[in-house]
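All of the numbers you see were taken from the coordinates with simple rules; none came from a lab. Fair warning: this is a prediction, and the values are worked out from it, not measured in the lab. Every residue, glycine among them, receives a Cβ derived from its backbone with ideal geometry; neighbour counts consider all protein chains shown.
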Amino acid sequence: MGKYDFSEPQLQDFRGIFIIFFADVIRKIRRYFFAIFIPLLNENFRTFVFNYFILAIAVLVLLTFGYAYLLFKHFKFQIKGHSFQLNQGVIKRSNVEIPFERIQNINLEQNIFQRVLNVVGFQVETAGEGNAEINIKALRREVAVDLKNQLLEEVKQVKPNIDLDSITKAEPSSYSTESLPSKANKLMELDFFSLFKVGISSNFLKGLSLLLLFISTLFNFIFDILSHFLAIDFEEDFFNRIPETLTFVFVFILFMLFLGFLITVLSVMVKYFGLRVLRIKDNFEVEYGLIKRINQVIKKSKTQVVEIDTNPIKKWLNINSLFVSQASSVQLSDAQKIGLVGINSSQINTFFEAIFDLSIQQSFVYLQSSYRYMIRLFLRQSVVFGIAFLVGYQFLGLAQTSFIGLLIILILCLVNFLAYKKSYVSVSRDLIKIGGGSINTNTKYLALHKVQSIYLKRNIFQQFNNHADLVIYTASGREEINYLPYSEALKFQNFILYHLERSNESWI
Amino acid sequence: MEFSNLQVNLDEIPDFKSVVLQPISNKYKSVLWISWLIPFLIVMLIPGAVFYFLSFPLLYLLGIYTVLIIVFLFSAIEIHKGFPRRKFGVRELDIIHQKGFFVFTETVVPFKRVQHVEIKQGPLLRVFNLYALKLYTAGASTGDLVINGISIETAQKLKTKILQIAENEEIITDKNQSSQDLKQVEEEKSNSDISNG
């Protein structure tokens, strides 16, 4: 019996009100950003309506706080009967009961607000879903630890054979090293220099596209506002002069690329700050994050697909990225995969052998995608390219647009060629290896016995030219390999089914 | 492409293409046509009605109708040419299903990966006394196999056979603790599948 009695409905720590409040405020600012800040730039608005505007904001803030208080008052948890229960909600009431035997994970976390207020977030997860089912936002640390221990005792009573280490982990760490749990050993820990290497070698197209999105929404807006303040007709002076200088366009593009690069590096470094991976028997505990500290467990049995991603810069720096997809009831997006970035080759080998009980060096039989895959890629890109070309034609004129268009086509030719060359499927006695990527090289490994179902897909053209797409389903989603020769793909499908059906191993 | 270095005799591996597949009920064709006809009638009337009440250039109307006709034409071709290809087959350890004209898919689901089986009947199927057999796996919902347009006897025979084999497999793999994980993921998946219909 612990120090605290959880058998009666409990409120969380009162600081939870602030956690709920701040989270709500941030959400509202994100959503209504433009509605709040745009009016402020209008001079008329500032003189006449400003005071009322401030009053309205103040009222909204008060209401948000009041609602946060109500939410806090209606958030009650307890240990009752054979389950851990939560009642929450003011308007939408919900009651969640998790029987002890269904508890898969108990996590203690701290995001930046929780760290400032010196409270701890408490999560109880069941299998399958990626989101925690019970999430208590503010508890004093000793209360949280006591609750965790009491729950673990209950779990142990219903599942006596369970290894408690697989359910929970060490308390959220600070960034300095701590004493490790006795049975754990460290697989990897990212020092700052490695983190930097990860940042500069990541896929900066993502950062660039985010930046472009942001810029494009602000672009017209900025010019409108500036022209009001400065009494210049930008359309006349500015826009008509730009096309005359192609170099200006190039400089602008280069600047955007650099900015996108910078944003990517910074966001990756913040996301994976202090990455630490501990190995506890057959499972791995992963911790990372600067603003939001994430704690996750990679379970050998739950792991479905292991993905290794690299690119020329990563190769030069001797690092890779490894992503794990575990069993889930929904298709996993990239953000939901657990990432071990900055991992080196020997760490990959250790991890691979722990998860698959096999060395990463296996004898595989390969099947490459056909060159027709490039045609499909070009067709898909032509839509966006066509639209972009029309837009460019409007603003920059035919000559400039054609030149840029030609450059883009050359780049696409290279990218699509690489994509076709790198696309393959391969099998060994126990594993399936799927290749992908274009500028980056992506390799996915999954155990053959973890396949759920397979199908071959042929569109009308493929039915003519005897090619097919092979789709493999696992418990973490689907994997598709494009434009394989049909008869060989059939052999692969038969092979996989044959061994899968004769294996006695479970997929989880 | 040599499988020999994987120490497998290719002749031993059964080819699912060699299985003789059986077609689904012919009445299902009517179901498909009705579910094509009703949207067709509704959608075709809308531009005409809008044209009647708010006038816009006849050229636009013709353009819209051309696009609509092309779309419905393609789906009609898909029904007419695709129906004969809808077949399924049962082997000792898995079930095979194929369908489609413009996109032809051949799916194989091993029985041991089937989480649960449902025999469903929507209102349209009820008119023709047909049923649909839905197999849920642990993959994403799009990986679930649906065999539409079979009789109740066929559906029940299939269900029994699948569950029989799936249960035998459970006994073999149920030894370790990770079967707890299995049951939990099964429940999660079935709950989300039921709520998604």
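Is it fair to say A:G477 is in contact (Cβ under 8 Å) with a residue 60 or more places away in the chain and buried (at least 20 other Cβ atoms within 10 Å of the Cβ)? Yes. Applying the selection to segment A:437-459, what residues are at the interface with chain B (Cβ under 10 Å from one of its Cβ atoms) and touching a residue at least 60 places away in the same chain (Cβ under 8 Å)? Within segment A:437-459, just A:K450 meets the criteria. A:N504 meets each of the listed conditions (1) assigned to a strand (DSSP E or B); (2) within 9 Å of another protein chain (Cβ to nearest Cβ) apart from (1). Quick one: would you say A:V451 is more than 21 Å from A:A327 (Cβ to Cβ) and buried (at least 22 other Cβ atoms within 10 Å of the Cβ)? So A:V451 fails the test. The test for being within 14 Å of chain B (Cβ to nearest Cβ) and assigned to a loop (DSSP other than H, G, I, E, B) holds for A:S370. Selection within segment A:481-491: residues that are surrounded by 21 or more Cβ atoms within 10 Å (Cβ to Cβ) and touching a Leu at 6+ places or on another chain (Cβ under 6 Å). The member of this set that is farthest from the other protein chains (Cβ to nearest Cβ) is A:I481. Among the conditions (1) farther than 28 Å from A:L418 by Cα; (2) in contact with a Lys or Arg (Cβ under 9 Å, 6 or more places away or on another chain), the only one that A:N320 does not satisfy is (1). Taken over segment B:58-105, the criterion of being within 11 Å of another protein chain (Cβ to nearest Cβ) and assigned to a strand (DSSP E or B) is satisfied by B:D94, B:I95, B:I96, B:H97, B:Q98, B:K99, B:V103, B:F104, B:T105. Considering segment B:106-142, the residues that are assigned to a strand (DSSP E or B), out of contact with any His (no Cβ under 8 Å at 6 or more places or on another chain) and of a type outside the set (A, V, I, L, M) include one that is nearest to the other protein chains (Cβ to nearest Cβ), namely B:P110. Among residues of segment A:357-375 that are closer than 19 Å to A:T303 by Cα, those with a Cβ under 8 angstrom from a residue that is among the acidic types (D, E), sequence gap 6+ or separate chain, pair up as A:L358/A:D430; A:S359/A:E353; A:I360/A:E353.
So the check is Cβ under 6 Å with 6+ separation or different chains; which pairs have a first residue in segment A:70-91 that's free of Cβ contacts under 8 Å to residues at least 60 places away in the same chain and closer than 19 Å to A:I103 by Cα and a second one that's surrounded by 18 or more Cβ atoms within 10 Å (Cβ to Cβ) and among the aromatic types (F, W, Y)? Matching pairs, first to second residue: A:L86/A:F77.
Taken as a whole, segment A:460-480 holds at least one residue that is among the β-branched types (V, I, T), within 9 Å of chain B (Cβ to nearest Cβ) and in a helix (DSSP H, G or I).
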